[in-house]
Amino acid sequence: MMDIIVSARHFDLSEALKVQAENATHAALDDLSLKISSVRIVLDIQKNTHKADVVVAIKNYFVSASAETVNDMNKSIVEALEKAGVQARKYLEKKQDHRDRDSIKTEETPAE
């Protein structure tokens with residue numbers, strides 16, 4: 001079970017935007033087989049720029065990503081979560097052991 005924390009800077013966070021951010025988080029990160037403890041999303045609006053910063057806390061590792069668009073907070077959230085998902089997948093690939101130990105050829109000593 002991951003904790004999803006959504007906060008806002010320079011504007012009041014609506015319940016609909018919070019729910020949309022939580023749904024986008026589940027859509028982007030639920031398919032990963034990682035132990036995600038928390039996802040922190042910080043939304044920011046400055047003039048026409050809508051920015052989303054995402055920090056994903058995986059066991060012993062953090063993934064951070066951000067995205068910004070003009071006048072579209074939902075698109076910023078989705079793009080930032082997609083970037084974080086790509087980074088988490090890369091971490092998962094690095095963490096997995098891809099060596100095939102059964103294929104190591106052991107030379108048998110010929111019986112004399």
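Just so you know, all these numbers are worked out from the coordinates, no wet-lab data involved. On a predicted model such as this, the values are computed, not experimentally measured, just so you know. Ideal geometry is used to build each Cβ from the backbone, glycine not excepted, and the neighbour counts take in all protein chains shown.
Just to check, using Stokes-Einstein with a Kirkwood Rh over alpha carbon pairs, what's the diffusion coefficient of segment 3-94 at 25 °C and 0.890 mPa s in µm²/s?
After rounding, the answer is 187 µm²/s.
Longest segment of the chain with no trypsin sites (Lys or Arg not before Pro) in a DSSP loop having at most 14 other Cβ atoms within 10 Å?
Between exposed loop sites, the widest span is 60-98.
Compute the length gained on full extension between F62 and I5: take 0.36 nm times their separation in residues and subtract their Cα-Cα distance, giving the result in nm to one decimal.
In short, 19.0 nm is gained.
Please report the antiparallel percentage of the DSSP beta bridges confined to the chain, to the nearest 5.
Details: 20 of 27 bridges.
Here the antiparallel bridges make up roughly 75 percent for the chain.
Counting Lys and Arg as +1 and Asp and Glu as -1, each charge on the Cβ, what is the dipole of segment 3-94 about the Cα centre in debye, to the nearest 20?
Roughly 360 debye, rounded to the nearest 20.
Nearest 500 deg cm²/dmol is fine: what mean residue ellipticity at 222 nm does the chain get from its DSSP H runs of n ≥ 4 alone, each adding -39,500 (n - 2.57), divided by its residue count?
On the way: 2 runs with 38 residues, N = 112.
For the chain, the value works out to -11500 deg cm²/dmol.
Summing +1 for each Lys or Arg and -1 for each Asp or Glu, what net charge is found among the other residues whose Cβ lies under 15 Å from the Cβ of V6? All intermediate terms of the calculation are to be shown ahead of the outcome.
Details: positive: R9, K18, R40, K51; negative: D3, D12, E15, E22, D44, D53.
Neighbour charge sum, excluding V6 itself: -2.
Below 8 Å, C-alpha to C-alpha, sequence gap of six or more: please give me the relative contact order for segment 1-44 in percent.
73 percent
Expressed as a rounded percentage, what relative contact order does the chain have, with Cα pairs under 8 Å and six or more residues apart?
Here the relative contact order equals 22 percent.
Taking the Cβ of L43 as the center, what net charge do the other residues with Cβ under 10 Å away carry, scoring Lys and Arg +1 and Asp and Glu -1?
Combined, the nearby Lys, Arg, Asp and Glu give +1.
Of all GluC sites (Glu not before Pro) in segment 36-95, which ones are in loop regions per DSSP and have a Cβ with at most 13 other Cβ atoms within 10 Å? Could you put the intermediate results ahead of the total?
Details: sites: E68, E79, E82, E93; in loops: none.
For GluC sites (Glu not before Pro) across segment 36-95 that sit outside H, G, I, E and B with at most 13 neighbouring Cβ atoms in 10 Å, the list is empty.
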